[in-house]
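Readers should treat all values here as calculations from the given coordinates under stated rules, not as data from a laboratory. Since the model is a prediction, treat every value here as computed from it, not as a measurement. Reconstructed Cβ throughout: ideal geometry from the backbone, glycine too, with neighbour counts over all protein chains shown.
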Amino acid sequence: MKKLMIINGPNLNLLGTREPDIYGSLSLHEFLDTVKEKYPTVEIFHFQSNIEGELISKIQEVGFSFDGIILNAAAYTHTSVGIGDAVKAIKTPVVEVHISNTFAREEFRHQSYIAPNAKGVILGFGLQSYELAIQSFLSE
Ligand code: DQA
C-alpha cells in the first residue's frame, strides 16, 4: 500500500474557524477522516505544526521512505528557504498544495520557496486541492 504524508504548516490547525470565507468551515480532523475513508487503498498520515523546524524535521523523516508528501506549508511557503531546501534534499516527491488561490491574493503570496523543487502545485480548489494531490499519486 502506498504511503502518503500530508504536512500542514502554521495556522492550519485552525481550519474551520479561521477566516471561513477563505478556508471553509470544515475542521482539519473532520476533513482528514473523510479523506481517509474515501481513499482506503492508500495509507494517509498527517502532521501539522506551527513551527518551521518541526516541519523540516518531518520532511526529512519521511522523505526517503514515503511514496509522496502533500505539503501545505501555509505562510512558510512564502518565506522559508529552509523548507525549500528540505524539499530539494529528499527523494520522496512533494506536491505543494494551497486551499486558496494564492495568486489571486496579496503579492507576497505569489512567491513560493517550495514550488521550484515540487513535483507539482495544486491551489485554489479549497480542501479539494488535497484530494487532487492524493489522486495525482494514485494514478502513477
Ligand atoms: C495557504 C495560503 C497561504 O498564503 C497562507 O499563509 C495560509 C494558507 C492556503 O492553503 O491557501 O496559511 O497556504
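Within the shell of other residues whose beta carbon sits under 15 angstrom from the beta carbon of Ile44, the net charge comes to -1, with Lys and Arg scored +1 and Asp and Glu -1.
Treating r as the C-beta distance of Glu37 and Asn101 and R0 as 22 Å, the FRET efficiency rounds to 0.20. Taking amide H as placed 1.01 Å from N in the peptide plane, His46 has its amide H under 5 Å from the amide H of Ile6, each at least 5 places away in sequence or on another chain.
Residues in the stretch 58-75 carry Karplus couplings, in order, of 5, 4, 5, 4, 9, x, 10, 10, 7, 7, x, 10, 10, 10, 10, 7, 6, 4 Hz; the curve used is 6.51 cos²θ - 1.76 cosθ + 1.60 with θ = phi - 60°, and Gly or Pro positions show x. With the simple spin-label model, which puts each label point 7 Å out from Cα in the Cβ direction, the Glu19 to Ser139 separation comes to 3.0 nm. Setting aside same-chain residues fewer than 8 positions from Lys38, which lysines have a Cα under 24 Å from its Cα? List returned: Lys2, Lys3, Lys119.
Based on DSSP H runs of at least 4 residues, each adding -39500 (n - 2.57), what is the mean residue ellipticity at 222 nm of the chain after dividing by all its residues, to the nearest 500 deg cm²/dmol?
-9500 deg cm²/dmol
How much FRET efficiency would the formula 1/(1 + (r/R0)^6) give for His110 and Ser57, where r is the Cβ-Cβ distance and R0 is 22 Å, rounded to 0.05?
On the way: r = 28 Å, r/R0 = 1.25.
Calculated transfer efficiency: 0.20.
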